[in-house]
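Data first, discussion second: the structure below is written as structure tokens.
Bear in mind that the values in this text are calculations on the coordinates, not laboratory data. All figures in this text were calculated on a predicted structure; none of them were measured in a lab. In this analysis, Cβ positions are derived from the backbone assuming ideal geometry, glycine residues included, and neighbour counts consider all displayed protein chains.
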Amino acid sequence: MKLGGEYPTKLSGRRLYLPAPLLRQLQETELVINRGFERNLNLQAVAEWDYVINSLNKLAEKGRKEREFLRFYTRGASLLKIRNNYTEPILPDLLSYANIRSDALLIGMLNRIEVFSPEDFETILNNPPASFNDLVKEVMPEVELVPPPQIIVQEELIIPEHSKIITSYVNNIGFESILKDPKKILKLSPRDFEYFTAETLQLLGFEVELTKATVDGGVDIFAAQHTDLGSFLYCVECKHYLTQKVGVEVLRSVYGTVELKKANAGLIVTSNYFSRNAHKLQGELKHRIKLADFDRLKEWIDRINKQR
């Protein structure tokens, strides 16, 4: 889930209205809400929240300050279902913490939605860091905020130099156990699903590069296939959805990325399935967009097991 944009909205009886453009990006029917760090609230997918909590669990064993942080961060965290563009009622303590009474501002922030009172967000904007470049170096030392290098798919195939797939990491997500029981895919975090997909494609004969989670440029994985007819480059987008099908907007986005990157085709891989309209659009773009749903993932796993 990669979100962006600013969306003014309102509360209706503690129910938050989610504008249609944001919902199209979101593609979730349930969200977890919790306290943010700047008197704001965060909304994120259940899988993203589970991943965060799993990562933070080890803090509980360190000391009192770490446990205080965990209590603050998780206090009031709750599951909200979305119906007709509205969330379920938000706990009063959370709304009070974020100083939200009626008006609210939704900010798409990569894998989450930040919820601010308009007044508080204006205050943040009016007090920017003294040096944005220094701030970037401090909080994101390993993130390269530069455009990805140009991809050439002519006589010679060049794949951008992104972070390599780490075999030990793939082993940590239980790759071997997934090969025995594909349903365990559903328990992966979104990022782990990208690792799983990359490793799967690699075992199927593709040369793969997994992009950085923070700045993927609209591509989760670059996958190259070398044949007697030449080399072909695919832009792979991973959608780890548990309850919702992948819609046409994802296909349109990937098609645009394929054109921008000058790749041969796009591949969308999901742990769920695709909507009827998505299949219809893919029929019109069949030579430029490929789809792989949960059933196709199981077919790939069968092929890998038979190769062993």
Let me check I've understood the local charge: for Glu259, count other residues with C-beta under 12 angstrom from its C-beta, Lys and Arg +1, Asp and Glu -1. What total comes out? +4
Using a 10 Å cut-off around each Cβ, can you sort Val248, Val269, Val258 from fewest to most neighbouring Cβ atoms? Val248, Val258, Val269
Selected from Val46, Leu70, Thr9, residue furthest toward positive end of dipole (region 6-125; charges at beta carbon): Leu70
What are the ³J(HN,Hα) couplings of region 48-54, residue after residue, when phi is run through the Karplus curve with 6.51, -1.76, 1.60 and θ = phi - 60°? Round to Hz, x for glycine and proline. 5, 5, 4, 5, 4, 5, 4
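Per 0.36 nm of contour for each residue apart, how much would the distance between Phe232 and Leu56 grow if the chain were fully extended, relative to their Cα-Cα spacing?
On the way: separation 176, 0.36 × 176 = 63.36 nm, distance 4.04 nm.
This chain segment gains 59.3 nm when fully extended.
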At a 10 Å Cβ-Cβ cut-off, how would you order Thr29, Thr227, fewest neighbours first? Thr227, Thr29
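Please state the charge dipole magnitude for region 167-307, taken about the Cα centre, from unit charges on C-beta atoms (+1 on K and R, -1 on D and E), reported in debye and rounded to the nearest 20. Provide the component values of the computation, followed by the final result.
Working: 20 positive and 18 negative charges, 87 e Å.
It comes to approximately 420 debye.
Indicate, rounded to the nearest 5 percent, the antiparallel portion of the DSSP beta bridges found entirely in region 167-307. Before the final figure, lay out the partial values.
Details: 11 of 22 bridges.
The antiparallel fraction comes to roughly 50 percent.
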From Cα pairs below 8 angstrom and at least 6 apart in sequence, can you work out the relative contact order of region 6-125, rounded to a whole percent? 37
Under a cut-off of 22 Å between alpha-carbon atoms, report the lysines in cross-link reach of Lys10, not counting same-chain residues fewer than 8 places apart. Lys81
From the cross-link list Lys180/Lys298; Lys180/Lys212; Lys187/Lys239; Lys62/Lys183; Lys187/Lys298; Lys187/Lys261, the entries with a Cα-Cα span beyond 22 Å are Lys180/Lys212; Lys62/Lys183; Lys187/Lys261
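Counting other C-beta atoms within 10 Å, which of Ile268, Ile301 has the fewest, and how do the rest follow?
If I rank by nearby Cβ atoms, fewest first, I get Ile301, Ile268.
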